[in-house]
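Inspection log for the structure reproduced underneath, given as structure tokens.
The values are calculated or read from the model by the stated rules, or taken from the named source; none is laboratory data. Treat the numbers as computed from the prediction; the structure is a model and nothing was measured. When we count neighbours, we look across all protein chains shown, and the Cβ atoms used for this are built from the backbone with ideal geometry, even at glycine. For the accessible areas, the whole protein counts, side chains as well, though only heavy atoms, and no ligand, DNA or RNA atoms are used. Shrake-Rupley method; radii C 1.70, N 1.55, O 1.52, S 1.80 Å.
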Amino acid sequence: MPVPPRTRPIELVERLRWGLPILIFLFVVFHQLFTLDWIDPLPTPLRFIAGLLVYGLIGPLMAWWVFTWIAAHLREQQRIEQQMREREQYLASITTASSDAIMSVDTCGCIQSWNQGAQTIFGWTADEILGQSMDVLVPAERQARGEPANILVTVAKRGAISHYETEWMRKDSRHLVVDVTSNVLTDATGQMIGSATIIRDITARKRAEEQVRELNRELEKRVDKRTRQLNIALQQLQGRADELERANEELTELDHLKSEFVSMVSHELRAPLTNINGSVELLVSDTGLEPGQRAMLHIIREQTQRLTRLVQGILNVSRIEAGRLTLHQEPLDVSYVLTRVAKNTRGAPPRDIEVDLPAYPLMAWADLDRVEEVLVNLVDNALKYSPPDTPVRLSGYNAAHQIVIAVSDNGIGIPPDQLERIFEKFHRLEQGDNRETYGHGLGLYIARGLVQALGGRMWAESMPGRGSTFYFTLPQAYASDGLPGASRPADGLLWPAATAPTPLDEAPSPRSAS
Ligand code: ADP
């Protein structure tokens, strides 16, 4: 709200003090000089009225107007002063209520005002501090550096300083970290009369910040330490990894040597074993032997056959692992192979093997000897791991361009967590019933290797105590795979019925037939 200059009515009154008598005097002179000529000839009553108008009315009217005008101005001034007093009151209460310290100092640095916040922060009451130098608020070492004077000079030069952080002091000499903002105070002429200063106590905030910094430093130290430890661990790991890599290379080399050695020894063993086998067979066929001699020859034959199977198995393993398996794949009549294996592999004492075949022919693209080897192994296992009075079944069927062959028994079964592990090399299950079953844990490993080499896969399903079924697949053979005279059947999948197997004993093996 614009405040009219306070001096105006007084100046006007000053002017009117001289102006009004002069004005009335001039008016009377004017009346005497210029109006008397036409008033004098008038009759007496009229002259009286004219004199009354000039001297009795105009003068008082002017005096009334002047005093009315002065009264109006005085009222206005009174109202403005009231308003200003209220405003000052309002500002004073804000200053008093502020939790920040608000003080004013004169140009010499003596404290002129001191609010409640200042009293709370510094512990000095207004009565104690008013008139004292602001130096009492500044610690000695800062006074020595001239800080209070510097603040005054800077405020005088720049008009203000804002958020200057420093350390001041309470009445009880306790140090405080404070944020000082100061503005210059001027009088009506613009002359500096001091400064108004707001001081905020930031001790707690600074302490918290320092604590956070300390925590950060601590954290960084820990992270550094951990990082160093991790680096050391990483280097050690790297060293271990290098060692392992070297060990692995050495092991691979050793494995290679071992495979070569095993292969060589097996070859060397095979020839004498074949000779022993042949000789034993000749001796067994001799009719003039004593029963005791014959029984001993049977034992020798059985054991050499076991040894031969083991050597063959080891040879197979080294061939599979070296990828040197030789295969003779051709169209193979699976029904024929199943029936033949069922007839020839019957265990001791001999058991009947059931064969379950579909009405349509099952032709696979495979190697007869390898498929027979796989089947003999699975049937052997089925016989070994099932009671003598339970059936063993062989079956085959066609599914999704594959020939699927299954060998099942009603034996001891295999726990679910072992269904994959039994295909590992040398892995045998603890039977837990003290029954000794002959084996090396190589059969399934070799069987799966052979099936995979033939392009199929092998897996097992089982219910412990109820029996197991071993499955393997072989690629299906088509007419176009090479049997003379055969044509692809209408559904494009199955071998023509004309090539169904002939009865077992008269049938030549499909390979020799082809
Ligand atoms: P093994 O010479 O020991 O028979 P295999 O590789 O042929 O070696 O078999 C591995 C293991 O799998 C066997 O020791 C046996 O515990 C388990 N096994 C294989 N076939 C069967 C089966 N039909 N029923 C139950 N267990 C089986």
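With respect to the numbered conditions (1) open to solvent by 40 Å² or more (accessible area, probe 1.4 Å); (2) assigned to a strand (DSSP E or B); (3) polar (S, T, N, Q), which one is the sole condition not fulfilled by residue 166?
(1)
To keep it simple, each residue is scored yes or no on (1) of a type in the set (D, E, K, R); (2) without any contact (Cβ under 8 Å) to a residue 24 or more places away in the chain.
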position	(1), (2)
167	yes, no
171	yes, no
180	no, no
204	no, yes
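Could you pull out the residue among 380, 367, 333 that is within 14 Å of residue 451 (Cα to Cα) and either out of contact with any strand residue (DSSP E or B) (no Cβ under 8 Å at 6 or more places or on another chain) or not small (Gly, Ala, Ser) (or both)? Break it down into steps so the answer makes sense when it comes.
Numbers: 380 fails: within 14 Å of residue 451 (Cα to Cα); 333 fails: within 14 Å of residue 451 (Cα to Cα).
None of the other options fit; the residue is 367.
Any idea which of (1) open to solvent by 20 Å² or more (accessible area, probe 1.4 Å); (2) touching a residue at least 12 places away in the same chain (Cβ under 8 Å); (3) under 24 Å from residue 98 (Cα atoms); (4) among the hydrophobic types (A, V, I, L, M, F, W, C) is the one residue 192 doesn't satisfy?
(3)
Give segment 195-224 a look and list any residue that's open to solvent by 60 Å² or more (accessible area, probe 1.4 Å) and closer than 20 Å to residue 160 by Cβ, or say none.
198, 200
Filter segment 323-358 down to residues that are closer than 20 Å to residue 479 by Cα and open to solvent by less than 90 Å² (accessible area, probe 1.4 Å), then give me how many there are. Walk me through how you get there before you give the answer.
Taking segment 323-358 and keeping what is closer than 20 Å to residue 479 by Cα, we get 328-337, 358.
Now narrow it down to the ones that are open to solvent by less than 90 Å² (accessible area, probe 1.4 Å): 329-337, 358.
Qualifying residue count for the region: 10.
Restricting to segment 309-345, count the residues that are modelled with pLDDT of 85 or more and of a type in the set (D, E, K, R).
Adding up the residues that qualify gives 4.
Filter segment 41-69 for residues that are outside any helix (DSSP H, G or I) and open to solvent by less than 90 Å² (accessible area, probe 1.4 Å) and give the result.
42, 43
Take the conditions among the hydroxyl-bearing types (Ser, Thr, Tyr), assigned by TED's automatic domain parsing to the domain that holds residue 469 and over 60 Å from the mean Cα position of the chain (by Cα) and apply them to residue 360. Does it pass?
Numbers: among the hydroxyl-bearing types (Ser, Thr, Tyr): yes; assigned by TED's automatic domain parsing to the domain that holds residue 469: yes; over 60 Å from the mean Cα position of the chain (by Cα): no.
Considered against the rule, which asks whether it is among the hydroxyl-bearing types (Ser, Thr, Tyr), assigned by TED's automatic domain parsing to the domain that holds residue 469 and over 60 Å from the mean Cα position of the chain (by Cα), residue 360 comes out as no.
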